[in-house]
Amino acid sequence: MTWITGPVRLTIVCAVLLSAVVIFSSAHLLVNLRNLTIIENERNLSNTALIVAKQLEQSFGAVEAVQNDIISEVGALKEADQKARDLQLSAYTFHMKLRDKAAGMPYVGSLVIINEYGQVVNFSRQWPVPDINASDRSFFRALQSDPNLKSFIGEPIKNRANGSWVIQVARKIVGPNGEFHGLTTAAVELQYLQNSFKKVSLEPDGGIALIRTDGTLLARAPVIESEIGRRYPNIFALELVAKTDRAVGVGANTYDGQFRMTAAHRVGDFPIVIAATKTMSDVLAGWRHTQKQIALEAALTVAAIVAFSFMFIRLFRNHQSLLKARAEHETADKLRKQSQEFEVALNNMSQGVVMLNAEAQVVICNERYIQMYGLSADVVKPGLSFLDLMRHRKASGSFRDDPDAYCRKLWTEILEQNSTSRLVETADGRTIQIATRSKSDGGWLSMTCH
């Protein structure tokens, strides 16, 4: 396009480059802000998981210490007979010891001693001891069947004493030769754990879950009761800590299928993992708001650059048009002045001059020519044919011959000789000389003098 001159082209290039810089800078800023947002949320979630994991480690550690004390006291009994041992363990004094130990752990609903047949021997919550058999419970079967297993954290179950949901933390009681003598359990209240999770500051779509290493969901906040106790072998939090104690990552949530940022942390040496989660939509909510603002600002900036560029191009083109018009005006004035000077010179010549083009039409005719032949200035004008000029001369009396024959003869002579010169006597008795010369464009020039 011819209008794309150097300055216009430079303006377009600069506008494109500036727009590209604005877009690239905005994109780079958004990427950095997104990364910083993710890093900040990873740090916050990791800290949340760490705090909860340490709290649970302390709580379960206290349970473990109490159970070890109970096992030590049971081991101090000298009776080898199971019935005699059960009789001592079921005493009121032992009940009071259990109740005092349980009172120091508000999250533990009860401490229980169970003999090798699954029968509850003593119970911190109630006296006399209710008739309860736990041989069908998973924690009892696991510790009874596996001689290498020393402790077990069961899945959430309803306490047979009061109907509340609890997690049974069981520890094996063995004899001098390693024989199975029963176990002691601590019923950790599920409600207490879930309430403690709720106290942690979380976003609306955030959550905290306590998971056993086999994928069993032990506790969760917010509470979804239908999910409690279910086993999820492929849960994402366990994948994160498969080879480490703590990790943060993003993956599909097992419960609702949403992509969540998950911070997983093992709870000490216990076979449980704490997971703090947050949906990615919630993680990036603030960033998306910032993204819209930056995108709008970038769009407005690019629009301003484009608008100013077009304005400059338009002003530049207008300036060019003004310069061109001014130059044309100056040229026209110059030509007009030259034409006037030429016309003055032409009209002040002593000879009569007529110039014709290749179509034998009058181009120039000076006043002297019109005066010499007594012609009308209203008739003899540019564009008049030579034949009509001769007919006008015939009509005005300055030509006696046949105009048509004269024109044919003169045209033939000009073609053959390029120039002619002759003396002609006018109708009023004057003798004039007519010199005719052809031009390169096919026209000719005729000069008349006395």
Could you grab the relative contact order for the stretch 349-449? Cα pairs under 8 Å, six or more apart, rounded to a whole percent. 29
At 222 nm, what helix-only mean residue ellipticity would the chain give, in deg cm²/dmol to the nearest 500, using -39500 (n - 2.57) for each DSSP H run of four or more? -16000 deg cm²/dmol
What does the charge dipole of the chain about its Cα centre add up to, to the nearest 20 debye, if the Cβ of each Lys and Arg holds +1 and the Cβ of each Asp and Glu holds -1? 400
Here, K243 and Q433, labelled 7 Å along Cα→Cβ, have an inter-label distance in nm of 12.0
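What per residue convex hull volume, in Å³, do the alpha-carbon atoms of the stretch 24-180 yield?
152
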Set of aspartates and glutamates with alpha-carbon distance to K324 below 18 Å, sequence-local pairs under 8 removed: D333
Sequence of H181, H265, H392 once ranked by neighbouring C-beta atoms within 10 Å, starting from the fewest: H392, H181, H265
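Give the dimensionless ratio obtained when the Cα radius of gyration of the chain is divided by 2.2 N^0.38 Å.
Details: Rg = 57.7 Å, N = 450, 2.2 N^0.38 = 22.4 Å.
Compared with the compact-globule rule of thumb, the chain sits at 2.57.
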Surrounding charge for L36, neighbours by C-beta under 12 angstrom, Lys/Arg +1, Asp/Glu -1, total 0
Set K97/K199; K381/K439; K199/K292 screened for pairs whose C-alpha atoms are more than 27 Å apart: K97/K199; K199/K292
For E239, E425, what's the fewest-to-most ordering of other Cβ within 10 Å of each Cβ? E425, E239
Under a cut-off of 25 Å between alpha-carbon atoms, report the lysines in cross-link reach of K198, not counting same-chain residues fewer than 8 places apart. K54, K158, K278
The set of residues whose placed amide H lies less than 5 Å from the amide H of R220, leaving out same-chain residues fewer than 5 positions away, is L210
Only Cα pairs under 8 Å and at least 6 apart count here; give the relative contact order of the chain as a rounded whole percent. 11
In the stretch 112-169, taking the dipole from +1 charges on Lys and Arg beta carbons and -1 charges on Asp and Glu beta carbons about the Cα centre, the listed residue (Q119, L143, P130) farthest towards the positive end is P130
Mind listing the long-range amide H neighbours of R125? Cut-off is under 5 Å, sequence gap 5 or more, other chains count too, H placed in the peptide plane at 1.01 Å from N. L111
Helices from the chain with mean Kyte-Doolittle at least 0.0 and a Cα length along the axis of 27 Å or more, per DSSP H: which? 6-75
Across 5 Å bins from the origin, how do the percents of Cα pairs in the stretch 349-449 run, short distances first? 3, 13, 25, 30, 21, 7, 1, 0
Hydrodynamic radius (Kirkwood) for the stretch 120-179, which is based on Cα pairs only, to one decimal in Å: 12.8
By count of other Cβ within 10 Å, fewest leading, how are F342, F197 ordered? F342, F197
Springs between alpha-carbon pairs under 10 angstrom, Gaussian network model over the chain: which of L36, L56, L389 fluctuates most? L389
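At a Förster distance of 60 Å, what's the computed FRET efficiency of F308 paired with F342, Cβ-Cβ distance as r, to 0.05?
Here the calculated transfer efficiency is 0.75.
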With Cα springs under 10 Å, the Gaussian network model of the chain assigns the largest mean-square fluctuation among R43, R391, R212 to R391
Select from L89, S281, Y232 the residue farthest towards the positive end of the dipole of the chain; place +1 on Cβ of Lys and Arg, -1 on Cβ of Asp and Glu, and compute about the Cα centre. S281
Could I have the simple spin-label model distance between Q258 and L36, label points 7 Å from Cα toward Cβ, reported in nm to one decimal? 2.6
Considering the chain as a Gaussian network with a 10 Å cut-off on Cα pairs, which listed residue, T331, T262, T436, attains the greatest mean-square fluctuation? T436
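Just so you know, all these numbers are worked out from the coordinates, no wet-lab data involved. Being a predicted model, the structure only gives us computed values, none of them experimental. Neighbour counts run over all protein chains shown; Cβ positions are idealised from the backbone, glycine included.
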